[in-house]
1. Using θ = phi - 60° and the Karplus curve 6.51 cos²θ - 1.76 cosθ + 1.60, what whole-Hz ³J(HN,Hα) does each residue of region A:53-68 get, with Gly and Pro shown as x?
2. Any idea what the alpha-carbon Rg over 2.2 N^0.38 Å comes to for chain A?
3. Once you compute Rg and the Kirkwood Rh from C-alpha atoms, what is the Rg to Rh ratio for region B:177-267?
4. What is chain A's relative contact order, in percent, from Cα pairs under 8 angstrom and six or more apart in sequence?
5. As an exercise, take the mean of 1/r over every pair of distinct alpha carbons in region A:1-138, invert it, and state the Kirkwood radius in angstroms.
6. Using Cα-only point scatterers and the Debye equation, what is log10 of I(q)/I(0) for the protein assembly as shown at each q in 0.05, 0.06, 0.07 Å⁻¹, rounded to two decimals?
7. Which number comes out as Rg/Rh for region B:272-387 once both Rg and the Kirkwood Rh are worked out on C-alpha atoms?
8. Per-residue mean of other chain beta-carbon atoms within 10 angstrom of the beta-carbon, peptide A:352-362?
There are 2 protein chains.
Amino acid sequence: MAERIANASFASKVMSASDAAALVPNGAVIGFSGFTGSGYPKEFPPALAQRMRVARDAGEDFRISAYTGASTAPELDGALAETGGVQLRSPYQSDPSMRKAINAGTTYYSDVHLSFMAGQVAAGFFPKPDFAVIEVSAITADGELVPSSSVGNNRTWLELADKVILEVNSWQSEDLRGMHDIYYPIGALPPNRVPVPITSAGDRIGQATLKVDPAKVVAVIKTSDPDRNTPFKPIDDDSRAIANYLLDFLHYQVKSGLIPKNLLPLQSGVGNIPNAVLDGLLHSDLENLSSYTEVIQDGMIDLIDAGKLTVASATAFSLSPDYAHKMNENAAFYRKHIILRPQDISNNGEVIRRLGVISSNGMIEADMYGNVNSTHVMGTRMMNGIGGSGDFTRSAFISCFVSPSTAKGGKISAIVPMVSHVDHTEHDVHVIITEQGLADLRGLAPRQRAKVIIEKCVHPDYREQLKDYYERACATSTFQQTPHILSEALSWHERFNETGSMLQA
Amino acid sequence: MAERIANASFASKVMSASDAAALVPNGAVIGFSGFTGSGYPKEFPPALAQRMRVARDAGEDFRISAYTGASTAPELDGALAETGGVQLRSPYQSDPSMRKAINAGTTYYSDVHLSFMAGQVAAGFFPKPDFAVIEVSAITADGELVPSSSVGNNRTWLELADKVILEVNSWQSEDLRGMHDIYYPIGALPPNRVPVPITSAGDRIGQATLKVDPAKVVAVIKTSDPDRNTPFKPIDDDSRAIANYLLDFLHYQVKSGLIPKNLLPLQSGVGNIPNAVLDGLLHSDLENLSSYTEVIQDGMIDLIDAGKLTVASATAFSLSPDYAHKMNENAAFYRKHIILRPQDISNNGEVIRRLGVISSNGMIEADMYGNVNSTHVMGTRMMNGIGGSGDFTRSAFISCFVSPSTAKGGKISAIVPMVSHVDHTEHDVHVIITEQGLADLRGLAPRQRAKVIIEKCVHPDYREQLKDYYERACATSTFQQTPHILSEALSWHERFNETGSMLQA
């Protein structure tokens, strides 16, 4: 095995995580690596949390602000949140402790489209990071950084931070080198921006390594800890049904001549429904597929193994432990078919619209007019964040949202009269799919959409209840573009808060 | 004066508007030219309306579907709507009769981002147009079309329609020739799309004329009617105050080094507030300004005359009668500084994000968390449509929304607890300005935004009322990311519907 730290100057900065954490003062703004549980620093955040806890227990103020790529893991979001000292978190999280701190109001959470975060920090929307804390798989002899299992916002944190702390993770395969494609011109602020020269999902437009100013590197930490790799659940009936509706829809688009035989590049959120879709693709006769997405999950590996997926572009892995092992054993093969890019490229609307990506994302709820809530349970409780769903939905050739039609054992309907929070507007949502059916909303006016959604997507337990609301809204509303009864529009959510169920007695 | 119809084959198809209207059958889908009251056909739509009225009065079914660029004029939207026979309207309108038909529920209105309409029709989201009815300023000897005072979706309607009806308008200046820039590759559906090669607002990337297959042209109509050119009102105090807040903000961004001395390309909606902003720019010491926007209005002409605005890119004029006259007299000069593009280029998110456009659009209402309603009064009544506000807002470097803090003599607050319809989400709205002040929301979490909006933007008559709601929401909400009292969230709108005022008794 080659030396992971091949540059003597960097090697001279190796220290313990707690020594590195001691460099961080109260009030620091930190840009961490990490995206969907991949490529986040493993040693530094718990050491920093320990330092914060000691200070805070002693009555000192010790707070930090934390930017990442997206969600991380218990070692990062969990450990920091549990100190109670995270002042600001952005742009995405999914950790139970962090979510708790956000919903308790102790942590401010700015929920930003993932492709915009780097540019907004560069443009001064947020304080610039004092520190970049970045996991890499190796440091080259000439001092460049080989990324690990995610790229996220690493390029930008390394550029903007005053000081850099690197974690070199020997658990990550050395053969990841060459899988990444780091494009630098995008970082330029206007008026100096240029087109992103991607015209096909597999285009490589940058370099394989990240640059860093060696003078900024204040610590190098060694680790061999694995990523947070969570097993997928077996595919359940609802996920299978939703996947089948989506696949039938795609087949029909091909048959209608609207999209090519090998489809268009696919994007999908992470989870069991996307995995069912990928499984469905695996067992279809489709070939030469491509993916322009955020995250590589197990099903894509299967599709690559089967020779059906030619190329997958993303910014991170989100693999089960078995598949992470497979990746580590066979990265030299997979890097021919996988490209990991900075998230402002993987999720860039310019490229998504040009390629004609077909997007598919989960949701918390949709309303009968096609507005989608991706973030707030009952309008007030932050779940995870909008993530990349807005980046893809707005620019997609066809944008789909998927969800089981009910949650909490039937106590919550995923289709409501009016969503309690809007993350994707009626102007952007093309297709809604539940295990009940698929509503194709393209080109429709609001009342046309309502009829299709009620007919196709609503669970039978809620269908009459929603139809009743819709019909009374039409009958009583003076204005018929988007009929509503304002005093009842959010009543399903109120009922759930009061009675524990959206179902009418 | 040269012959406006320089091609013999086209000249041979000249006929009356009523003869042309007779070619259109019941059920036809028609793609009209026209954007913000400019460049719409003047003779054909009233003739078609007459034909529809006769048929419908005789008990026959005669309905059509109408696509345009954006809003048109009484001769088009007004005349057609008054027949009661418009089945579907898209993507934008602002005509009182059309609005009435939409809100009465007799016309379906599909409210689409202006930059997406052409692509969505090409992609089969909507029925393809049977007819394109397009105003031009001239037809060249080789059968190409010189556009008139708007480009809109003309390129796409000409491409997609089976039959083409042209109106040649001799009121329009012949010197408009050379002002337009028609880019063709954008029309390609994926996977054949390429980057839009604009890196500066003044870049010309296409040709000066529109192409049409001569075999599809079934009628040519002559007209000399002027565009619907509406005088602007004198600048009022509220508009002046809002403009000053925006200009101070821009100056501060320059001073902070965030944007260049000549700003970044500006976009603004049409109306009195934008006109006040333009007037403020005229009297500032700013120079070498540029604009990447939808519509050219009077104030931009003044800025060009003063040598302060180097170039303005748009898709249409929206001028007062005096300024339209000036344009017609001096188009040979103005075409050095003005570029009119298809609306999928003028409003293209790829270009808007690359150039770093600073956008500024009107709104109906915003809520204390920064969500914006641009379309629905009290959640149900369609005003005009989202227009280009979503195209610009999502991709802008800094997105601003402007509105007086109250409407209807103080009976309506433009800042409410929860907007009754969402067109722009909290993720996309950077700055909100009323005559009370400017709320800079960049980088803030929801509760931070609420504090700034309540402090800076709300009218004093409503400030305590909103502060009270917010504080009670924070005090009672179990979850603190976005505190709300669901049973009261829309109560201001309900109160207005019931009592005629949002003010609490």
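1. 5, 4, 4, 5, 5, 7, x, 7, 7, 9, 10, 9, 10, 10, 9, 9
2. The value comes to 0.99.
3. Dividing the radius of gyration by the Kirkwood radius yields 1.13.
4. With pairs under 8 Å counted, the relative contact order is 14 percent.
5. 15.4
6. With one equal scatterer per Cα and no solvent, log10 I(q)/I(0) is -0.30, -0.43, -0.59.
7. 1.01
8. Rounded to a whole number, the mean comes out at 3.
Read-outs: derived from the displayed coordinates by stated rules, not from any lab. Being a predicted model, the structure only gives us computed values, none of them experimental. Virtual Cβ from ideal backbone geometry, glycine too; neighbours counted across all protein chains shown.
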